[in-house]
Amino acid sequence: MEISFRQQLSVAMNQIELTDWQSPLEIPDLDRPPRRPANLPGQGKVAAVLALFCDQGNVEKSDGLTIAPDLLLTQRAINLSNHAGQISFPGGRLEAGESTHQAAIRETEEEIGVFESQIEIFGQLTSVYIPPSDFTVTPYVGLIRGAAHFKRCHREVQQIIRAPLKHLMDPQALTSGMVTRSNGEIFEVPCYRIGPHQIWGATAIMIGELVERLRRARKISTPPAGERK
């Protein structure tokens with residue numbers, strides 16, 4: 001019996017425990033704390049992003065599963081004050097009275113023109129603390145219902161990038177590259193590459209957890225060879 005990607009994603013986000021897993025995307029030399037240190041002054045900033053899959057109708061069958069091919073990413077506009085030009089998920093800072101879930105949906109609407117009525121949310125990944133900007137970011141995972149039609153916010157988004165899930169699920173997709181920090185320091189980081197784009201840091205950490213969840217979901221969702229039809 002064939003398993004739809006929607007079912008696989010539901011298993012990945014609701015039935016998979018990662019208590020025994022260590023992300024390979026952490027950067028040892030960066031000394032990234034798992035959460036905002038308590039000794040920092042003031043209140044840390046809070047943001048949310050949405051890891052959104054699209055084109056579930058354009059599928060590739062593998063091991064009895066129907067796999068959605070694309071995960072949506074954005075390249076941030078080069079004139080932004082924080083993380084300019086970097087690859088990220090649609091998202092941003094919470095507004096007054098908002099939940100992280102509401103912020104992720106609102107920012108997705110504003111940045112790439114996909115509206116709440118088109119999105120099915122399956123759950124959230126582990127929040128990631130970003131020391132340079134003092135943000136704690138909560139990532140949600142969703143799927144676009146039906147055909148995807150985008151409208152890019154030119155002020156915030158340089159371009160919309162479609163990352164094939166098949167590529168991200170390949171163990172060889174995880175590689176390394178060189179990055180330059182704001183202080184001019186150059187160092188090597190684990191990363192994903194999508195065409196000319198290098199995805200590292202918080203976004204790569206989120207993708208790594210999502211990929212691991214999907215790999216485990218595939219294992220428990222795939223029927224034994226003798227039972228497949």
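For the reader, a short list of remarks on this structure follows.
- Förster radius 25 Å - calculated FRET efficiency between TRP21 and VAL179, Cβ distance, rounded to 0.05: 0.55
- This model, with +1 at the C-beta of Lys and Arg and -1 at the C-beta of Asp and Glu, gives the chain a dipole about its Cα centre of some 300 debye.
- Three-way shape label, segment 103-229, alpha-carbon gyration tensor, a/c 1.5: oblate
- Exposed-loop-free span, longest in the chain, where GluC sites (Glu not before Pro) count as exposed if DSSP calls them loop and at most 13 other C-beta atoms lie within 10 Å: 96-184
Here, each number is a calculation from the coordinates, and none is a lab measurement. Note that the coordinates shown come from a computational prediction; the quantities given were computed from them, not determined experimentally. For neighbour counting, all protein chains shown are included, and Cβ atoms are generated from backbone atoms with ideal geometry for every residue, glycine included.
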